Amino acid sequence: MLGPVSDSGLVRRYYLYRATIAVGFITPVFTLFLLRTLTFTQVGALSATYSAFSAVGEIPTGYVGDRLGRRASLLLSVFFTVLSLTGFIFASGFFWYCLLYLLWALALTFRSGSMDAWLYDILSERLDSGQFSHVRGRGDAVQNWTAAVSMVIGGLLYGLHPTYPFIATVVFNSLGSLALLSLPKNRQYTDRGGDSCSGDRLEPLETISVIRTALARPPLRALVLYIGLFYSVLGVAHSYVQPMVVETLGPYAAGIGVQVPAGGAITAARAGEAGAALALGLGVLYAAMTAVSSAGGYYAGAIEERLGVRKAVIVVPALTAVVLVVPLWIALVALPAFATMRTAKPLVQPIANGYISDHVEMAGRATLLSAVSMSYMGLRAPLALAAGMVADTTTATTAVAALGGLFLAAGGAVWLLGEIAPETATASGDRASKSA
C-alpha cells in the first residue's frame with residue numbers, strides 16, 4: 001500500500017506498531033476503576049471470564065491468522081480493542097463489564113499468535129529468523145517505553161475524571177490500524193490476496209494434528225506447561241498491583257506528607273475518589289517500573305545468548321515467583337516486586353516463542369502460538385477467581401504471595417518431572433538450537 005520498504009525500515013515500522021498497542025493510559029488505574037462498583041471477587045470473575053473466553057477463541061483466531069493472513073488478523077485485533085475500550089467510557093456494572101471483557105479477549109486472541117508468526121516469517125523471508133528474540137524483545141521494550149510515558153498522563157487524567165484515560169487510549173490505539181497497513185504481508189499471502197498457496201495452507205483437521213503433535217510430547221510439552229503456569233500467575237498478579245501499592249506503600253506515603261483522602265487511601269480509591277495526588281502517584285510509579293521493565297525485552301536476545309533457552313526460561317520465572325512472596329513480610333520489597341513482574345514476561349516470552357517457532361512448520365505457526373496462549377488462559381481462569389476470593393477475605397498482598405507460592409510448587413513439579421526446552425533439531429531449519 002505504501003510501496004516497498006527497506007529491511008531496516010521494516011523493523012522500524014514493526015516497532016511503531018508495537019508502540020500503538022500500548023495501553024499505558026489505563027494501566028495504572030484500571031483495577032481501581034473497576035473497584036468503584038465491584039468487589040475483588042467480581043474483578044476476579046471478570047478476569048476468569050476473560051481468560052476462559054480467550055482460551056476458547058485462541059485456536060479459531062489463530063487459524064484465521066494462518067488462513068487469511070497475519071496482518072488481517074492484527075487489524076481485527078485493533079478493531080476489537082478500540083471497541084472494548086470505548087465501551088468502558090459509557091458502560092458500568094458487572095454485566096456490561098463482562099461483555100467488554102469478552103471483546104477485549106477477542107482482540108487478544110486475534111493478536112496473540114499472529115503477531116509473532118508474522119514477525120518470525122518476515123524475518124525468515126527478509127532478514128534472519130535467528131534475530132527473532134532480539135527484534136521481538138526490542139519491540140516489547142518500545143511498547144513498554146511508550147506505556148511508561150502514557151502512564152504518567154493516565155494517572156493525571158484519572159485524577160481529573162475516571163473515564164479520561166480510556167478516551168486517550170481509544171484515540172491512541174486507533175493509530176494501530178495505520179501502523180499495520182504500513183507493514184507488508186508475509187510472502188505466502190501476497191500472491192492470492194489473503195489466501196495462502198495450497199501447499200502452505202493447513203485444513204482444520206491438519207491444524208488439530210499439528211497442535212496435538214507439537215504440544216503433546218517433547219520438546220514443547222513441559223516448556224508450554226511451565227511458561228503457561230508462569231504467564232497465568234503473572235497475568236492474575238498484575239490485576240492486584242494497584243490495591244497492593246495502596247496497602248503496602250500507602251502508610252509510607254502518608255508518613256512523608258502525602259495527603260491521603262478521608263477514610264484511607266484504599267477506601268477513597270475504591271470509591272473513585274482517589275484524588276489527583278494519589279492517581280498521579282500511581283501513574284508515576286507504574287511509569288518508573290515499566291521503564292525499568294523495558295530492559296527485559298530489550299536484552300532478551302542477549303540473555304538468550306548468555307544463558308541459553310533452557311536456563312533463561314527456568315530461572316527467570318522461579319526468581320520472579322520468589323519475589324512475589326516476600327512483600328507479605330517486607331512491605332518495601334513491593335517496589336522491586338512490581339518491577340520484576342513487569343520485566344519477567346517481556347524477557348521470557350521472546351525466548352520461549354522463538355524456541356516454539358523453531359519447532360513447528362511455517363503453515364501452522366500462528367495456530368500453534370495461539371494454542372500456547374490458550375493453555376495459559378485456561379490455567380489463568382481458575383487462578384483469577386481464586387485470587388479474587390483470597391483478596392476479599394485477606395488482602396491483595398496475600399493473594400499475590402499465594403500466586404507466587406503456587407508457581408514455585410507447581411512449576412517445581414514440572415521441572416522435576418519433565419524436560420523443559422531440551423536442545424533438539426528445529427523444524428524450520430533456519431536457526432541452530434541454542435538451548436544450554
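The values are calculated or read from the model by the stated rules, or taken from the named source; none is laboratory data. Computed from a predicted model, the values in this text were never measured in an experiment. Quick reminder, even Gly has a Cβ in these numbers, built from the backbone with ideal geometry, and neighbours come from all protein chains shown. Remember, those area values only see protein heavy atoms, side chains included, never the ligands or the DNA or RNA. Shrake-Rupley method; radii C 1.70, N 1.55, O 1.52, S 1.80 Å.
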Once you list every other residue whose beta carbon is under 11 Å from the beta carbon of Thr398, what net charge do they have if Lys and Arg are +1 and Asp and Glu are -1?
-2
Can you tally the net charge around Trp145? Count Lys and Arg as +1, Asp and Glu as -1, for every other residue whose Cβ sits under 13 Å from the Cβ of Trp145.
+2
Keeping the other protein chains in place, figure out the carbon and sulfur percent of the accessible area of segment 1-184, with a 1.4 Å probe.
73 percent
Positive-end residue of Tyr14, Leu83, Ser112, charge dipole of segment 1-184 with Cβ unit charges
Leu83
Using a 1.4 Å probe on heavy atoms of the protein chains only, the accessible area for Glu304 in Å², nearest 10, reads 0 Å²
Over the heavy atoms of Trp118, what accessible area does a 1.4 Å probe trace out, to the nearest 10 Å²?
10 Å²
Enumerate the calculated ³J(HN,Hα) couplings along segment 132-140 in order (Karplus 6.51 cos²θ - 1.76 cosθ + 1.60, θ = phi - 60°), each rounded to whole Hz, writing x wherever the residue is Gly or Pro.
4, 4, 5, 5, 4, x, 5, x, 4
Stretchable slack from Leu127 to Glu423, in nm (0.36 nm times residue separation minus alpha-carbon distance):
104.2 nm
Segment 1-184: Cα Rg divided by the 2.2 N^0.38 Å rule of thumb:
1.07
Around Phe230, what is the net charge, scoring Lys/Arg as +1 and Asp/Glu as -1 over all other residues with Cβ under 12 Å from its Cβ?
+2
For Arg12, Arg310, Arg221, Arg18, write out the residues from largest to smallest accessible area, computed with a 1.4 angstrom probe and no ligands counted.
Arg12, Arg221, Arg310, Arg18
Over the heavy atoms of Leu234, what accessible area does a 1.4 Å probe trace out, to the nearest 10 Å²?
0 Å²
